[in-house]
Structures are given as structure tokens and as C-alpha cells.
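Each value in this text was obtained by applying a stated rule to the coordinates, not by laboratory testing. Being a predicted model, the structure only gives us computed values, none of them experimental. Cβ placement follows ideal geometry from the backbone for every residue including glycine, while neighbour counts extend to all protein chains displayed.
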Amino acid sequence: MEKNCIFCKIIAGEIPASKIYENEYVYVFNDIAPKAKKHILVIPKKHIKDYSEIQLPEDDKYVIEMVRAIQEVVKTEKIEDGYRVVTNKGKDGGQEVFHLHYHILGGEKLGGIC
Ligand code: AMP
């Protein structure tokens, strides 16, 4: 738990969130400012700053559970036929919250970015 981290506070229940799923390793919730019809965030319950700060093999379980959560949630949210998974790293990558997260975007035909 990082004192000034908004996502750590969501995990701790100190800030409300629209939770979709959680287990011992991950927390999944709706983005507060959706950029697509469905915009879901998947975060590890350990404060990892960004993608490049993932330590392997120590963080293996978090990485695996994030992938598993994405694969499950796209089914329960009924977007498994088409969606996008994105993680932003650093200011140039568009990162605003410095707690690792995967965006899942879907629920509509997405415009191309890459
Ligand atoms: P990024 O720009 O990749 O760091 O993405 C941060 C995301 O977190 C943005 O899409 C924000 O809309 C979202 N966000 C920020 N605060 C909250 C919050 N309290 N609850 C849900 N989503 C949030």
C-alpha cells in the first residue's frame, strides 16, 4: 500500500469504485471516465508503479492473475469477441496513475491506434 496512490486506496476500500471482480492478487473495476462503451481497469493488489517495474519471477502470480482476470472479465462483460488491452508506461506513454493497470476497452467497434 502506497500512501498517496489512488488505486491502493481503491483496493483498501478508502475510495469507492465500481468493482467488477477481485481475488487475492487483483482488483477489477470500471474506469471513472470511460473512453469506450466498456472501459475496465485491472490492477494488481501490490503497488507496482508501471509495466517496467514488474519484477519477475517475484511478481509472477500478479502477472498471471491479471491475465486470468482479463480473460474472465471479457466473458462476464460479454465483450470477448473483440476488445483491446492497453497499459500506459510513463508520462510519454500517457500514464496518469502510477500504479500498474491494464485498460480493457470494448463494447463497440474501436478506432485503430496501432
Ligand atoms: P492512465 O492514463 O493509463 O494512467 O489511466 C488512468 C485511468 O484511471 C484513467 O482512464 C482514469 O479515468 C482512471 N481513473 C482515475 N481515477 C479513477 C477512479 N477513482 N476510479 C476509476 N478510474 C479512475
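Of everything in segment 31-44 that is over 8 Å from the mean Cα position of the chain (by Cα) and either touching a residue at least 60 places away in the same chain (Cβ under 8 Å) or buried (at least 16 other Cβ atoms within 10 Å of the Cβ) (or both), the residue that is farthest from the ligand (Cβ to nearest atom) is 37.
All conditions in (1) of a type in the set (Asp, Glu); (2) crowded, with 17+ Cβ neighbours inside 10 Å; (3) in a loop (DSSP other than H, G, I, E, B) hold for residue 24, with the sole exception of (2). Only residues that are out of contact with any Gly (no Cβ under 9 Å at 6 or more places or on another chain) and either in a helix (DSSP H, G or I) or within 19 Å of residue 110 (Cβ to Cβ) (or both) were counted across segment 35-68, and they come to 13. Exactly one residue among 83, 102 is surrounded by 18 or more Cβ atoms within 10 Å (Cβ to Cβ), aromatic (Phe, Trp, Tyr) and out of contact with any Lys or Arg (no Cβ under 8 Å at 6 or more places or on another chain), and that residue is 102.
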